[in-house]
Each structure stands twice: as C-alpha cells, then as structure tokens.
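**Student:** First the structure, then my questions, so here it is.
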Amino acid sequence: MEWLQANEATTRCPYKGQASYWSARIGASVFKDIVWSYREPLPACSPIAGLLCFFNERVDAIYVDDELVPKSITPWS
C-alpha cells in the first residue's frame, strides 16, 4: 500500500456498487488509476470488500505460476 495513492476517481457497477481508484508511484513513474477496489460493495458482493484489483491491460507483463499470461485487449487498455 505504500506505493499506492488514493485519488478522487470513482465508477459505479449496478451489481457491485461504487469502486474507488488508486495510482501507483514507483520511483519517478506514476501509473494512474491502475488499482481499484470496492470499499463497501453492495451486500450481495460483500466478500470482495477491500480487495484490490489491478488493470492487467495497463501493465507490461503478468505471470501466473511463472507463466506469462496473454495481455487482454479491452476498453480499459
């Protein structure tokens, strides 16, 4: 969390509720709105409260179990 900076950006999902966003500052680089979370999701989605999600479309590479995962192409890319 020491590399994340909360910002004012929000979005709303009809199923999960309001999402909050963070930017990551790594050295001199800032990765704007790269992390989001549902701090207080709607009751049906309460298990996701406080979990952080990263836009995999905005990073250079993702590895799962040491295997490169193909980069997604989405509207958020």
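The values are calculated or read from the model by the stated rules, or taken from the named source; none is laboratory data. These numbers were taken from a predicted model, which means no experiment stands behind them. Virtual Cβ from ideal backbone geometry, glycine too; neighbours counted across all protein chains shown.
**Student:** Within segment 20-47, restricting attention to residues that are under 16 Å from Q5 (Cβ atoms) and among the polar types (S, T, N, Q), which residue is surrounded by the fewest Cβ atoms within 10 Å (Cβ to Cβ)?
**Tutor:** Within segment 20-47, the match that is surrounded by the fewest Cβ atoms within 10 Å (Cβ to Cβ) is S29.
**Student:** Let me ask something else. Take the residues in segment 53-77 that are more than 20 Å from S29 (Cα to Cα) and of a type in the set (A, V, I, L, M), then tell me which one is surrounded by the most Cβ atoms within 10 Å (Cβ to Cβ).
**Tutor:** So, considering only residues that are more than 20 Å from S29 (Cα to Cα) and of a type in the set (A, V, I, L, M), the one surrounded by the most Cβ atoms within 10 Å (Cβ to Cβ) is V69.
**Student:** Output yes when any residue across segment 36-44 is within 23 Å of T74 (Cα to Cα), at pLDDT below 95 and within 13 Å of the chain's Cα centre (by Cα), and no when none is.
**Tutor:** Taking every residue of segment 36-44 in turn, at least one turns out to be within 23 Å of T74 (Cα to Cα), at pLDDT below 95 and within 13 Å of the chain's Cα centre (by Cα).
**Student:** Of the conditions (1) in a loop (DSSP other than H, G, I, E, B); (2) at negative phi, F31 satisfies every one except a single condition; which number is it?
**Tutor:** Condition (1) is where F31 drops out.
**Student:** Let me ask another. Answer with yes or no whether E57 is in a helix (DSSP H, G or I) and not hydrophobic (A, V, I, L, M, F, W, C).
**Tutor:** Spelling it out, E57 is indeed in a helix (DSSP H, G or I) and not hydrophobic (A, V, I, L, M, F, W, C).
**Student:** Out of all the residues in segment 8-26, which are assigned to a loop (DSSP other than H, G, I, E, B) and of a type outside the set (F, W, Y)?
**Tutor:** Selection gives P14, K16.
**Student:** Starting from segment 48-77, take each residue that is closer than 16 Å to L4 by Cα and at pLDDT 85 or above and list its partners that are of a type in the set (D, E) and surrounded by 10 or more Cβ atoms within 10 Å (Cβ to Cβ), counting only C-beta distances under 6 angstrom and pairs at least six apart or across chains.
**Tutor:** none
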